[in-house]
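The values are calculated or read from the model by the stated rules, or taken from the named source; none is laboratory data. Keep in mind it's a predicted model, so treat the numbers as computed, not measured. Quick reminder, even Gly has a Cβ in these numbers, built from the backbone with ideal geometry, and neighbours come from all protein chains shown. Surface areas here come from the heavy atoms of the whole protein model, side chains and all, with no ligands, DNA or RNA. Shrake-Rupley method; radii C 1.70, N 1.55, O 1.52, S 1.80 Å.
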Amino acid sequence: MRSSSNNKLIRGGTVVTASETTQADIWVQGESIVAIGNNLTSLFESQAPDGLVMDAEGCYVFPGGIDPHTHMELPFMGTYASDDFETGTRAGLYGGTTTIIDFAIQTQGKSLRDALETWYAKAAGKALGDYAFHVGVTDFNPETRAEIKDIIQKDGISSFKVFMAYKGALMVDDRQILQLMDEAGQYGGAVIAHCENGDMIDERVQKYRSQGKTEPKYHALAHPEIAEAEASGRFIDLAYQGGHPCYIVHLTCEGALNRVREASRRNQTVFTETCIQYLLLDDTLYERPGFEGAQWVFSPPLRKPKDQAALWAGIDQGLIHTVATDHCPFCLEQKRMGEKDFSKIPNGAPGIEHRMELLYSEGVRTGKISLNQFVALTSTQAAKLFGLLPKKGTLSVGADADIVIFDPTEKHTISAKTHHHQCDYSAYEGWQLTGKTRTVLLRGHIAVDRGECFLEPGYGKYLPRAAFHSTDFPSQKFAEKPLMAGANR
Ligand code: URP
Ligand code: ZN
Ligand code: ZN
């Protein structure tokens, strides 16, 4: 598949964007898309006779996927996430994800700059895929506040994550969130939040431990739906009172989604992300024998089938904008740190490689979402919100040639034996899917073709981003008018 030419023609595929599905060829020159249209062969042959022709007949052609929530090499709960920027972005490319937005998380007591320098160093020279960062703010104080403007304007980072959970480690209080919203908002930044009530969780954890209840299933019982619903509502209210946009990461349940739905009644648009695991897996996995349930210990935990139904409905209603992974793998040996105490199981699981194939197979093929929604959820809306459009997230002239050729008929089975995550288990072991990524271009270069990766570590580029983009989203059309002037609930 290697070609000496910088030019490529992708011929005969069905080109899918967030709004259109058309039969078209795509002509790529260097790193960019130069033309999209019918019968580009003659143009191509006259201008680039030595170029590479890639046959996409019978395939969909999607924009490269954007996973807006990953944690490569995250130091967490006494260990490190097992994928680094090399192995993690390579696994992503195999599944069609060409860009990630990872989290540079502040250590309490240290600066945001310190976190950013640490994450720049983790990624540089290693990433195969393109990457951007959110900054995780765990300690908002006058010194931190003074760093925000430069991070937005010089580093090109317009989103700041706060944790309303992980008490004693990452959690911040409401006043810190309010102040961060005000500060970031001045320069086009937005606050994004892990919404779970940390005190509620901490109380439950202590109770179960004191009762000698140590198995993985108590992790889920210690993180109830109400803890997520309460914190989601509170976060939404904090944003509303300051007139700020907000984005909830890894939303999992009906209760939290209802808070989002309620906010639309006062014409507030709340942006939300769910993750593929919350759409497809449920909490019965915690009932697996012995310590098996630890594989799905992450926060928030898996929920009930009624929550999965709510999430699919939320997508359909335009209340959920992105489907991410929260990719944060730990090997089984690392999970065993919590064999005698569920609260010591490192929180997280692998997922980046199969996000798009799972959503296609279980979402598009089952009729739950359309092809255009698939593209919106896996790529375009993340690009739009997080300031990566028009270079990333769509197929248009002038955009980066991040292109996925996807065979909708190929069947395959997910297994830790064949996946590319640096993790010795798969959260979806044995799942049989229909639809597979065949070829991936990243900025015009062949990243993956028929199971082989052609990029070297260091090809991936850091992406500075524009301001958080909070207007012009389809969900706004669902907002109801207030019942009376001044009504705010
Ligand atoms: O369990 C999880 N989600 N681990 C990663 C950290 C986070 O909360 O996103
Ligand atoms: Zn989180
Ligand atoms: Zn996360």
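In terms of its C-alpha gyration tensor, segment 64-385 has a rounded overall shape, because the principal axis ratio a/c (a ≥ b ≥ c, square roots of the eigenvalues) stays below 1.5.
With the charge dipole of the chain set up from +1 on Lys and Arg Cβ and -1 on Asp and Glu Cβ about the Cα centre, the Cα lying farthest toward the positive end among the listed residues 388, 59, 30 is that of 388.
Taking 0.36 nm per residue of separation and subtracting the Cα-Cα distance, full extension of the segment from residue 287 to residue 57 would add 78.3 nm. Think of the chain as having a plus end and a minus end, set by charges on the Cβ of Lys, Arg, Asp and Glu; of 269, 331, 18, 269 sits farthest toward the positive end of this dipole.
Of the trypsin sites (Lys or Arg not before Pro) in segment 103-162, the ones in a loop by DSSP (not H, G, I, E or B) with at most 10 other beta carbons within 10 Å are 154. Full extension of the chain between residue 309 and residue 424 yields a length gain of 38.4 nm, computed as 0.36 nm times the residue separation minus the alpha carbon distance. Given their separation in residues at 0.36 nm each and the Cα-Cα distance between them, residue 23 and residue 434 gain 145.8 nm when the chain is fully extended. For the chain, the longest principal axis of the Cα atoms and the long axis of helix 174-185 meet at an angle of about 30 degrees. So if I take the centroid of the Cα atoms in segment 84-155 and the same for segment 267-313, what is the distance between those two points in Å? Answer, in whole Å: 26. I'd like the carbon and sulfur percentage of the solvent accessible area for the chain, probe radius 1.4 Å, heavy atoms only, ligands and nucleic acids excluded. Carbon and sulfur: 48 percent of the exposed surface of the chain. Other residues with beta-carbon under 9 Å from the beta-carbon of residue 11 carry, at +1 per Lys or Arg and -1 per Asp or Glu, a net charge of -3. With protein chains left intact and a 1.4 Å probe, residues in segment 64-385 average 31 Å² of accessible area per residue. Using R0 = 25 Å, the C-beta based FRET efficiency linking residue 416 and residue 452 works out to 0.80.
Qualifying GluC sites (Glu not before Pro) in segment 43-85, where qualification requires a DSSP coil assignment and no more than 11 other C-beta atoms within 10 Å, comprise 57.
Other residues with beta-carbon under 15 Å from the beta-carbon of residue 78 carry, at +1 per Lys or Arg and -1 per Asp or Glu, a net charge of 0. Computed about the Cα centre, the dipole magnitude for the chain is approximately 600 debye when only Lys and Arg (+1) and Asp and Glu (-1) carry charge, each at its Cβ.
Summarising the label geometry, the points placed 7 Å from Cα in the beta-carbon direction at residue 471 and residue 187 lie 2.2 nm from one another. Relative contact order of the chain: 22 percent, from C-alpha pairs under 8 Å at least 6 residues apart in sequence. Near residue 250, once Lys and Arg are set to +1 and Asp and Glu to -1 for all other residues with Cβ below 10 Å from its Cβ, the sum equals -4.
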